[in-house]
Amino acid sequence: MKLVTAIIQPDHLDDVQLALIKYGVRGMTLSEVSGYARQRGHKEVYRGSTYTIDFILKVKLEILCDSDEAGPIVDVIAEAARTGQVGDGKVWVTDISEVVRVRTGESGVAAL
Ligand SMILES: Nc1ncnc2c1ncn2[C@@H]1O[C@H](COP(=O)(O)OP(=O)(O)OP(=O)(O)O)[C@@H](O)[C@H]1O
Ligand SMILES: [Mg+2]
């Protein structure tokens, strides 16, 4: 099993969620996060002075899936979130050793 984690622009959430549902993803977790990467935030002018805003609001999506599904899910997210502008986001995949459905006690792929 894999965990696909995506940090995307909040404006792209609807498009990404729709594309994931169309692909067949049934469950996901959404968090509001703040982050920055290569550009270290953007510059804003306030009362004549320029400030660097380090942290910019983003949304984080987490999707647990069967290992075979991770690659296609990454592609679905990247295509739906891409504008070509800096800050479009990042997607990564981590290995997951166990998942349990609390109600039934099912584990592994059966619990996805
Ligand atoms: N190395 C990292 N570790 C953890 N989170 C990261 C890392 N890089 C980026 N992020 C998260 O992803 C968000 C989006 O990053 P961003 O799209 O700006 O990446 P980038 O590498 O600077 O690409 P681009 O040049 O297209 O902007 C950041 O706001 C941050 O939350
Ligand atoms: Mg960036």
Subset of region 56-112, residues among the acidic types (Asp, Glu) and within 15 Å of ligand 2 (Cβ to nearest atom), comes to Asp88
Somewhere in region 86-93, is a residue over 17 Å from the mean Cα position of the chain (by Cα) and touching a residue at least 12 places away in the same chain (Cβ under 8 Å)?
-> no
Reported set for region 79-112 where residues are outside any helix (DSSP H, G or I), closer than 23 Å to Pro10 by Cα and of a type outside the set (A, V, I, L, M, F, W, C) is Arg82, Thr83, Gly84, Gln85, Gly87, Asp88, Gly89, Lys90, Thr94
Strands (runs of 3 or more DSSP E) lying entirely in region 30-78 (those with 2 or more residues that are within 16 Å of ligand 1 (Cβ to nearest atom), surrounded by 13 or more Cβ atoms within 10 Å (Cβ to Cβ) and among the basic types (Lys, Arg)) | 56-65
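No value in this document is a laboratory result; all are computed from the given coordinates. The structure presented is a predicted model; accordingly, all values stated were derived computationally and were not measured. Here Cβ is always computed from backbone atoms with ideal geometry, including for glycine, and neighbour counts include all displayed protein chains.
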